[in-house]
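J.: Just passing along the structure, written as structure tokens.
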Amino acid sequence: METRTNEWLEWGKAFFIAIVFAILIRTFVFTSYEVQGESMSPSVFDGERFIVNKIGYGFTEPERFDLIVFHANENEDYIKRVIGLPGDIISYQDDVLYINAEPIDEPFLKQRVAEHKWGSYTNDFAVSDVVPEGHVFVLGDNRPNSLDSRRLGFIATDQIVGKVDWRFWPIKEFGLMR
């Protein structure tokens, strides 16, 4: 009888350790995120699910074109693409992104821009301020239909939940995000 009690106690300890470990990983290392809406199509679609690396930016800074999840407000997190980094001046003219007055290629948008029939895919704009230290400028890939830094303003790096690393749903799209 004592052997059986010890076995249950060992299983209970293993289960408890596994739960604590899972909670720690979910809280501090990785989390999942489900996309809601079409603001990132054609790169990311409504209902897709991702693994978000929460510790990566503790050791590195966001890079241009990273997909990130950030706290948009107290109730919502958004997924967007980093366009502007600290010190950058951002503008858009005739579907060309300019950073510090240099044209920047956006290969993830080429097909969408070519298919767009009604005027510019991205409305022209110029950000009047330089991206400040500790902030980024983000845009959705679905430029005509995205609530992003054009309306939200610069995103503080402490609002960033993490970098989108892996797509895990739908299964056929499973893989590393670039």
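Just so you know, all these numbers are worked out from the coordinates, no wet-lab data involved. All values reported here derive from a predicted model rather than from experimental measurement. Positions of Cβ are generated from backbone atoms using ideal geometry, with glycine treated the same way; all protein chains shown enter the neighbour counts.
J.: Normalised by the number of residues in segment 78-155, what is the relative contact order in percent for Cα pairs under 8 Å and 6+ residues apart?
T.: Averaging sequence separation for qualifying contacts and normalising by length gives 37 percent for segment 78-155.
J.: Apply the Karplus parameterisation 6.51 cos²θ - 1.76 cosθ + 1.60, with θ equal to phi minus 60°, to every residue of segment 126-143 and state each ³J(HN,Hα) to the nearest whole Hz, in sequence, with x for glycine and proline.
T.: Karplus values, whole Hz, x for Gly and Pro: 9, 7, 6, 10, 6, 4, x, 4, x, 9, 9, 10, 10, 9, x, 6, 8, 4.
J.: On full extension of the chain, what length is gained from His71 through Asp158, given 0.36 nm per residue of separation minus the C-alpha to C-alpha distance? Don't jump to the answer; show the numbers that get you there.
T.: On the way: separation 87, 0.36 × 87 = 31.32 nm, distance 0.90 nm.
Full-extension gain reported as 30.4 nm.
J.: Rounding to the nearest 20 debye, state how big the charge dipole of the chain is about its Cα centre with +1 on each Lys and Arg Cβ and -1 on each Asp and Glu Cβ.
T.: Once rounded to the nearest 20, the dipole reads 420 debye.
J.: Once the Cα atoms of helix 2-28 and of the chain are each reduced to a long axis, what angle between those two axes, in degrees from 0 to 90 to the nearest 10, is obtained?
T.: On a 0 to 90 degree scale, this one is about 10.
J.: Skipping prolines and chain starts, which residues have an amide H placed within reach, meaning under 5 Å, of the one on Trp169, given they are 5 or more residues away or on another chain?
T.: Arg49
J.: Using modelled amide H (1.01 Å from N, peptide plane; none on Pro or chain starts), what sits under 5 Å from the amide H of Asp77, excluding residues fewer than 5 places away?
T.: Under 5 Å from the amide H of Asp77: Ala72.
J.: Next question, about the same structure. Across segment 150-165, in residue order, what do the Karplus-derived ³J(HN,Hα) couplings come to in whole Hz, using 6.51 cos²θ - 1.76 cosθ + 1.60 with θ = phi - 60° and x for Gly and Pro?
T.: 4, 10, 7, x, 5, 9, 5, 4, 6, 7, 6, 6, x, 8, 6, 9
J.: With each label point set 7 Å from Cα along the Cα-Cβ vector, what nm distance links Val113 and Asn6?
T.: It is 7.0 nm.
J.: Put +1 on the Cβ of every Lys and Arg and -1 on every Asp and Glu Cβ in the chain; which of Ile155, Phe168, Val35 then has its Cα farthest towards the positive end of the dipole?
T.: Phe168
J.: Let me ask something else about it. Mean residue ellipticity at 222 nm from the helices of the chain, using -39,500 (n - 2.57) per DSSP H segment of n ≥ 4 over the full residue count, to the nearest 500 deg cm²/dmol? Please list the in-between numbers first.
T.: Numbers: 4 runs with 41 residues, N = 178.
Value at 222 nm, helices only, nearest 500: -7000 deg cm²/dmol.
J.: Relative contact order of the chain: what whole-number percent is it, with Cα pairs under 8 angstrom and at least 6 residues apart? Intermediate results must be reported in sequence, preceding the final value.
T.: On the way: 313 pairs, mean separation 44.3, N = 178.
Dividing the mean separation by the residue count of the chain yields 25 percent.
J.: Using the Karplus curve 6.51 cos²θ - 1.76 cosθ + 1.60 with θ = phi - 60°, work out ³J(HN,Hα) for each residue of segment 81-92 in order, rounded to whole Hz, and write x for Gly and Pro.
T.: The phi angles translate into 9, 6, 10, x, 10, x, x, 7, 10, 10, 8, 9 Hz.
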